[in-house]
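What follows is a single structure, written as structure tokens, with notes after it.
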Amino acid sequence: MNIRPRINRATVARRNLLHDSSLSSSLVQPYFIVEGQGVNDSIENMPGIQRQSIDVLMNTIHDDFAIGIRNVMLFPVMPAGMKDPHATACLDDTMHLYQAVRAIKEAYGDQIVVMTDLCLCTSTDHGHCGFVEHNEIQNDSSVEQLARIALLHAKSGTDYIACSDMMDGRVKHIRQALERAHQHTTGIMSYAVKYASAFYGPFRGAADSSPETGDRRTYQMDPRAGYKEALLEASLDEAEGADIIMVKPGLPYLDVLRRVADSINRPTAVYNVSGEYSMVMNSTSDGAARGAMVQEILASFQRAGADIIVSYHAREALGNGWVV
Ligand code: PBG
């Protein structure tokens, strides 16, 4: 397997993300991208986070850059009419996600680390993260499709492909596809330890990605699972060539994060997910009280070993000076 440690060193922004000791440089702000122009829709239970068309997104990123955001995570939201059983729309290189990456890279070059979510669930009509046949998730054909789509992410210029599907073996196939296409500087951030959590609700509303039938429990991990399975998933993805290993969600799994961070030789990321964000946002409208909560939460991730923290709080934390 081709492991390329130089991927994490390829740009100043990647090195700052991974090695600057300040909390602010570890933060990654998520964005939801829709088709159209002038779209800036609010999201239920996620105050401060919108679904935006590329023109609006670019203004938001401009303002976010001014307050110090240097790492962005992009999620495509697909209109219902473009969904099909195989997420075929993701194979079109004019898709809004790829346009957004190109626009950000054109405007900011390597001053911003761009991460793009790679999954099928936002683009399949059944809403699952893998192909479905006879009511069963088809692991290997899904992985082949993910590897094909990964190439379009890489060609758009993304820094890290963030694979969030939880199919077995996908990091290996994505890495091989990147190698074959000579995409030697594109990184893979693997959602390696991802639980079938009750905390993804607001995200699924935002991304319109709930499964039409059934749930994700045959591919995402059982929330009751112990450390062995977490360490197995993390070490498999490390061996398959992931450049960053993620644990998700964050707060209910801080203990898992610590174990994973201690056991792998790769940077560790944590995803402070939508339901965790909603909990805080709905708990108080007092900015100072919320600031103290956010500081405490972000510090807990850092203490548990996270090098990278994906959080919807990134913007308010930097904008209000809650972190330095
Ligand atoms: C897509 C994906 C999900 C999240 C990130 N990527 C939802 C899911 O697995 O159902 C959740 C993020 C959040 O809740 O903030 N597979």
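The values are calculated or read from the model by the stated rules, or taken from the named source; none is laboratory data. The shown structure was predicted, so the numbers you read here are calculated from the model rather than taken from an experiment. Backbone-built Cβ (ideal geometry, glycine too); neighbour counts: all protein chains shown.
Applying the criterion of being away from the ligand (no atom under 15 Å from the Cβ) and more than 23 Å from ASN71 (Cα to Cα) to the residues of the stretch 143-167, the residue that is surrounded by the most Cβ atoms within 10 Å (Cβ to Cβ) is ALA147.
Quick one: is ALA230 part of a helix (DSSP H, G or I) and either without any contact (Cβ under 8 Å) to a residue 60 or more places away in the chain or in contact with an Asp or Glu (Cβ under 9 Å, 6 or more places away or on another chain) (or both)?
The answer is yes for ALA230.
Okay, residues lined up against (1) among the charged types (D, E, K, R); (2) more than 30 Å from ARG15 (Cβ to Cβ); (3) at pLDDT below 95:
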{"site": "ASN135", "(1), (2), (3)": "no, yes, yes"}
{"site": "LEU151", "(1), (2), (3)": "no, no, no"}
{"site": "ASP159", "(1), (2), (3)": "yes, no, no"}
{"site": "ASP165", "(1), (2), (3)": "yes, no, no"}
{"site": "HIS173", "(1), (2), (3)": "no, no, no"}
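Checked against (1) within 24 Å of ILE33 (Cα to Cα); (2) touching a residue at least 60 places away in the same chain (Cβ under 8 Å), GLY214 passes all but a single condition, namely (1). Within the stretch 63-109, can you find the residues that are farther than 19 Å from SER142 by Cβ and small (Gly, Ala, Ser)? The answer is ALA66, GLY68, ALA80, GLY81, ALA100, ALA103, ALA107, GLY109.
Of the residues VAL260, VAL247, which is within 26 Å of SER142 (Cβ to Cβ) and within 16 Å of the ligand (Cβ to nearest atom)?
Criteria check complete, one pass: VAL247.
Kindly indicate whether ASP84 is exposed (fewer than 15 other Cβ atoms within 10 Å of the Cβ), in contact with a Ser or Thr (Cβ under 8 Å, 6 or more places away or on another chain) and free of Cβ contacts under 8 Å to residues at least 60 places away in the same chain.
So ASP84 passes the test.
When the residues of the stretch 1-26 are filtered to those that are within 28 Å of GLY169 (Cα to Cα) and touching a Leu at 6+ places or on another chain (Cβ under 8 Å), the one that is surrounded by the most Cβ atoms within 10 Å (Cβ to Cβ) is SER26. Of the residues making up the stretch 95-128, those that are over 14 Å from the mean Cα position of the chain (by Cα), touching a residue at least 60 places away in the same chain (Cβ under 8 Å) and within 24 Å of TYR200 (Cβ to Cβ) are HIS96, ALA100, ASP125, HIS126, GLY127, HIS128. Looking only at residues of the stretch 87-138 that are within 30 Å of ASN16 (Cα to Cα) and of a type in the set (Val, Ile, Thr), we find that the one that is surrounded by the most Cβ atoms within 10 Å (Cβ to Cβ) is THR116. Taking the criterion of being part of a loop (DSSP other than H, G, I, E, B) and more than 16 Å from the ligand (Cβ to nearest atom), the residues of the stretch 103-142 that qualify are ILE112, HIS134, ASN135. Being under 22 Å from HIS62 (Cβ atoms), in contact (Cβ under 8 Å) with a residue 12 or more places away in the chain and either of a type in the set (Lys, Arg) or part of a loop (DSSP other than H, G, I, E, B) (or both) is the filter here, so list the residues in the stretch 265-323 that pass it. Residues satisfying the conditions are TYR312, HIS313, ARG315, ASN320, TRP322, VAL323. Filtered by the rule that a residue be part of a loop (DSSP other than H, G, I, E, B) and either aliphatic (A, V, I, L, M) or farther than 18 Å from GLN138 by Cβ (or both), the stretch 151-170 gives GLY157, THR158, ASP159, MET166, MET167.
Filtered by the rule that a residue be near the ligand (Cβ under 8 Å from one of its atoms) and more than 16 Å from LEU236 (Cα to Cα), the stretch 180-195 gives no residues.
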